[in-house]
Amino acid sequence: MNCLESRAILFSSIEGGNSFWTREIAFLGPCEVVDKARSNGYDPIKYAKTITKIKGSDSSRILEEIEAVHSYFLTPENALWPEGLNDLAAPPIALVIKGLVTSLSIKSLAIVGTRNPTNYGVRVAGDFAAGFVDREWAIISGGAYGIDAAAHRGALVAEGVTIAVVAAGVDVLYPAGHSRLFEEIAETGAMISEVMPGTHAIPARFLTRNRLIAALSQATLVVEAAFRSGSLRTARDAAELMRPVMAIPGPITSPTSEGCHRLIGERAAEVVTSVVDAVEFVSSFK
């Protein structure tokens, strides 16, 4: 069994962001981890569910399932693997990519925010996306309703590249209302997933997905976010990776801007009010 086949088995058997299995793969290598699991080298009670999956997995079937949805299985051994992912404490075992794998090599800005934005937030997200696209950056977001969608659409209107990192399989199209948007994204950019095709989103996967958005991007911009928000988790993930984090200020009475004001008040994000401000901050960040 080669490295690609071993990673396919581990990818389909282990939930993304699992620190124990990530360390095992980094230390032993994917082939050795599969062999060790199949030869009962791990605690049969503590890791029973994962071991059962590994023993019952067939790499050919897994790779065929990915190919059947017109997607690409990208592993860290591939020259196109985004090096920024290796900065994570728990890098992905692999990724499923629908669209252009080469789009991952373009320098990129993550734009994230609430699913229930104001008109102001939608306009700002679209304007910043278009402004960075004009400077030959790609835009990364999570494919959700609200700010994510506004950022993706802003990049597409500007005829640029945008990438959606989703919490479900690339063929699940969650949310369903974005089926056309996802098609447009995959035409010139990519959809990225850390789970197998056909896998549905669950709350925990949105949090593990957020770390990928932060790691794939050179910088992160939070447009509108509630005081407690998954977007703030993305911002903190980016800060932990020593990437620039920016936030758009809003009215002090707006609940959708409380998260941005929280980041700004905690000195966790730089205030930016224009694309020029953002570009200058990112360029000066050491």
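The numbers here are math on the coordinates, done by the rules we state, and not lab data. The structure displayed is predicted, hence computed values, not measured ones. Using ideal geometry, Cβ is built from the backbone for each residue, glycine included, and neighbour counts are taken over all protein chains shown.
Laid out as a table, the results:
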| item | result |
| --- | --- |
| Taking the chain and dividing mean pair separation by its residue count, relative contact order in percent (alpha carbons under 8 Å, at least six apart) | 16 percent |
| Amide hydrogen neighbours beyond the local backbone of Gly160, cut-off 5 Å, H modeled | none |
| For the chain, built as a Gaussian network whose Cα springs stay under 10 Å, the top-fluctuating residue of Gly113, Gly177, Gly198 | Gly177 |
| Which label in (i) 0.99; (ii) 1.07; (iii) 0.97 gives the computed Rg/Rh (Cα atoms, Kirkwood Rh) | (i) |
| Globularity ratio of the range 3-70, using Cα Rg and 2.2 N^0.38 Å | 1.08 |
| For Gly198, residues with placed amide H under 5 Å, excluding near neighbours | Gly169, Val170, Asp171, Val172 |
| Candidate lysines for bridging to Lys36, where Cα separation is under 20 Å - those fewer than 8 sequence places away on the same chain excluded | Lys46, Lys49, Lys53, Lys55 |
| Estimated vicinal HN-Hα couplings, Hz - the range 223-232 in sequence order (Karplus 6.51, -1.76, 1.60; Gly, Pro = x) | 8, 9, 7, 6, 4, 10, 8, x, 5, 5 |
| Value of [θ]222 nm, deg cm²/dmol, for the chain, DSSP H segments ≥ 4, -39500 (n - 2.57) each, nearest 500 | -13500 deg cm²/dmol |
| Cβ crowding within 10 Å averaged over residues, with 144-157, 12-25 ranked highest first | 144-157, 12-25 |
| Reachable lysines, given that their alpha-carbon falls under 23 Å from the alpha-carbon of Lys107 and they are not under 8 places away in the same chain | Lys98, Lys286 |
| Value of relative contact order over the range 3-70, rounded to a whole percent, pairs C-alpha under 8 Å and six or more apart | 46 percent |
